[in-house]
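Here, each number is a calculation from the coordinates, and none is a lab measurement. Note that this is a predicted model, so its numbers are computed, not measured. Here the Cβ positions follow ideal geometry from the backbone for every residue, glycine too, while neighbour counts run over all protein chains shown.
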Amino acid sequence: MSTSENQLSPLPEIVILGATGPTGRHIVAQAVSRGYDVTVLVRSPEKAKYLKGANLVVGDARDENALRKALRGRDAVISALGTPASPFRDVTLLSTATRALVKAMEDEHIARLVAITGVGAGDSRGHGGALFNHIIFPILLRKVYADKNRQEDVIRASGLDWTIVRSTILSNKSGTGAVRAMTDLKGFRGGSIAREDVARFVLDQLTSDEWRQKSPLITA
C-alpha cells in the first residue's frame, strides 16, 4: 500500500490494556493525539481520570465478559499489562489475562494484537546487561518473567495477528524518536529505552506489517 493510501485509510479503533501504568499512559496520550478512537479497560476509574480523550470501560483484564464489553466494535488491541516485582510469590496475572483476551478477541472477531513483554522473555533472556541478568532478573523478576513467557506462549499459540514487543530497561526520560528494533540478538547486551519511545513504536505497529508474527527487542 502506498504512503498516500495509508494516510487516507481510517485509523483502527483500539483497546488499550494496562492504560494506567507508566507506559500505558504514554500509549493512550499518543494514540489520542494521533486521532485514534481509544477505549481503555481499567479496574479503577479514579486512576484513569487523567486518561483524557479515551472511552472508559471499568473491569478486570482477567474477566472475559469485561474484555468483550471493551472490545465490541473495535479493530485492534494493545496490551501494556504489567505486574510488580514478586521475588517470592508466583505470578499468573499476565498469562491469565492474556488467555481471557485471546478468547474475547476471537469471539469478537478481532485479529490484531500488539503486546509488550520485555527483555528477558523467551530467547531474549540473557540480553539485558550484567546488572539485569545477574541481579535484578534472578532476585526480583524471575517469577514475573516466568509468567511473561507463559503470556508469550499463549499469544503465539493463538490464531491472532500478533506482534510481541520486548523493550529493554525502561526509563522515564523524554523520548528521542530513535528506536532500534531487532530479532537477531547475537552480541547484544544491555540497553534502555524511554517509555515515550516504546509507546510510539507500539502504535506504529498498528499500521505496519514489518514485525507481524515477530518478537522484536527494542532499545534506544
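Things worth noting here:
- Distance between the range 94-114 and the range 152-189 - C-alpha centres, whole angstrom: 19 Å
- When D184, D147 are arranged by Cβ crowding within 10 Å, least crowded first, meaning fewest neighbours, the order is D184, D147.
- Distance between modelled label sites at R34 and T207, nm, 7 Å Cα→Cβ extension: 0.7 nm
- Backbone amide hydrogens, once placed in the peptide plane, bring T39 within less than 5 Å of I14, V15, I16, N55, excluding anything fewer than 5 places away on its chain.
- Prolate/oblate/rounded label for the range 65-220 (Cα gyration tensor, a/c 1.5): oblate
- Helix-only CD estimate at 222 nm, as mean residue ellipticity for the chain, using -39500 (n - 2.57) per DSSP H run (n ≥ 4): -9500 deg cm²/dmol
- Toward the positive end of the charge dipole of the chain, with +1 on the Cβ of Lys and Arg and -1 on the Cβ of Asp and Glu, the farthest Cα among V119, S33, M105 is that of V119.
- On the basis of the beta-carbon distance and an R0 of 25 Å, K49 and K103 show a calculated FRET efficiency of 0.25.
- For the range 53-68, Karplus couplings with θ = phi - 60° (6.51, -1.76, 1.60), whole Hz, Gly/Pro x: x, 9, 7, 10, 10, 8, x, 8, 5, 8, 9, 4, 5, 5, 4, 5
- From least to most packed, judged by other beta carbons within 10 angstrom and beginning with the fewest, K173, K52 follow the order K52, K173.
- Added length on full extension, which subtracts the Cα-Cα distance from 0.36 nm per residue, S192 to I135: 18.9 nm
- Counted over the range 3-219, the DSSP beta bridges are approximately 10% antiparallel.
- Computed magnitude of the charge dipole of the chain (debye, nearest 20; Cβ of K, R +1, Cβ of D, E -1): 720 debye
- Where labels lie 7 Å past Cα in the beta-carbon direction, separation of K173 and A111 in nm: 3.9 nm
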